[in-house]
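The values are calculated or read from the model by the stated rules, or taken from the named source; none is laboratory data. Computed from a prediction, not measured in an experiment: that's the story for all the values here. All Cβ positions, glycine included, derive from the backbone under ideal geometry; neighbour counts span all protein chains shown. Just the protein is used for accessible areas: all its heavy atoms, side chains included, with ligands, DNA and RNA removed. Shrake-Rupley method; radii C 1.70, N 1.55, O 1.52, S 1.80 Å.
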Amino acid sequence: MATLDTVKEVLSENLDIEGDQVSEEATLDSLGIDSLDMVELICDIEEKCDIEFGEPDNIATIGELVAHIDSLK
C-alpha cells in the first residue's frame, strides 16, 4: 500500500477525515489536525508501517508527512 493511502486510511479511521480531503498539498492545519491528533496519528502510523517516527519537527503538509515516513522505511 502506498504511504499516502496508509495516511488517508489512518486519518479516516481515527480522525473522521475523508480520504478525498487528503492530498499531498493539504496542510495539517487545513485538515484540523492539532498537536494531540498528530500524536495519535504518529502512533497509528508507527504501528501500521512498523517504523519509529521520532519527533514530527517541521511537518506542515501531508506531503512532508509522507516523505518523512518513506525516509524511515
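Go ahead and estimate [θ] at 222 nm for the chain from helices alone: -39,500 (n - 2.57) per DSSP H run with n ≥ 4, summed, over the residue count, rounded to 500.
Details: 3 runs with 39 residues, N = 73.
Mean residue ellipticity at 222 nm (helix-derived): -17000 deg cm²/dmol.
Surface analysis of the chain yields an accessible area of 60 Å² per residue, using protein heavy atoms and a 1.4 Å probe. If R0 is taken as 35 Å, the Cβ-Cβ distance between residue 57 and residue 20 corresponds to a FRET efficiency of 0.80. Amide hydrogen proximity for residue 61: with H placed 1.01 Å from N in the peptide plane, the residues at 5 or more positions away or on another chain lying under 5 Å are 28.
Taking all protein chains in place and a 1.4 Å probe, what share, in percent, of the accessible surface of the chain do carbon and sulfur account for?
On the way: 1900 of 4370 Å².
Solvent-exposed carbon and sulfur of the chain make up 44 percent of the total.
Evaluated on the chain, the Kirkwood hydrodynamic radius is 12.0 Å, with distances taken between all distinct Cα atoms. Annotation: for a label point projected 7 angstrom from Cα along Cα→Cβ of residue 73, residues of the stretch 1-26 with backbone N closer than 16 Å are 1-10, 24. Applying both filters, DSSP loop and at most 12 other Cβ atoms within 10 Å, to the GluC sites (Glu not before Pro) of the stretch 1-36 gives 18, 25.
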